[in-house]
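Accompanying notes for the structure given below.
The values are calculated or read from the model by the stated rules, or taken from the named source; none is laboratory data. Please read all numbers here as calculations on a predicted model, not as lab measurements. With ideal geometry, Cβ positions are generated from the backbone for all residues, glycine too; neighbour counts draw on all protein chains shown. Heads up: the accessible areas ignore ligands, DNA and RNA and are worked out on the full protein's heavy atoms, side chains in. Shrake-Rupley method; radii C 1.70, N 1.55, O 1.52, S 1.80 Å.
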Amino acid sequence: MTLQWTAVAFFLYAEIVFNLILCIPFISAHRYQNIWLSPYWNKFFFAMIMALVVLFCDAIRDVQKYSGPEPVHDAQASPNLYDHVHMKLFRAQRNLYICGFSLFLWLVMRRIVTLLNQIAETSVNTAGLQAQMDNAFKTAERHQEDNQILKTALLEREQSSLKTNNQLKLEIEKLQSQLKVAEEAVRRSDAEVEAMKKQAKGLAYEYDRLLREHHLLERGSGKKLYKEHVQKLPFQTEVKIRN
């Protein structure tokens, strides 16, 4: 085996081991992400793809070279040459298989690396969304507590205002009752004043009448004239005159 195909074989073994390591479940994808995000990773990947494609094409050329009709026809002429041609064909096919599997595993490893990067990014985004959701949940709980406090304060204020309104209603009813009593007292007082006015008016009129009678008596008018005068008055009263 030449040096290049020995390197391809070791590269195939390294790919197998590395793919098995990538499939280990307890290793987090974040540990590989720093390696895959390196700018040299993509350059190395495309360089190895190109090298493996060239070697794969060379292996196909060797297989076609030693499996054609001319080498087989030449080998039939000599037994030693026949073994040599089949040995070359076996090595070409071996190199083809090694290079083909190396190229296939390299593409598989690329796909695994891409999926691991997506898993790492998804987990980071999920952690960020989880943190935002937790913050939103805490904010909602805080707002709910604030709303509960405001509702309690409003309920207490409504209860206090209701008590105040009830007290005001009681005071208003009490004042209305007092006002009714006062109005009744005022009406009674007005009635008494009116009665006293009428009584005073009657007394004044009676006083004037008696005063006029007194003047008539002083003038020495007779009893007859006095009786006639008394009869003409609107209020007739019996007056006892001492002779």
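See the values below:
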| item | result |
| --- | --- |
| Residues (closer than 30 Å to residue 20 by Cβ and either open to solvent by less than 80 Å² (accessible area, probe 1.4 Å) or among the hydroxyl-bearing types (Ser, Thr, Tyr) (or both)) located in segment 125-147 | 126, 127 |
| Within segment 43-56, tally of residues that are within 50 Å of the chain's Cα centre (by Cα) and surrounded by 12 or more Cβ atoms within 10 Å (Cβ to Cβ) | 1 |
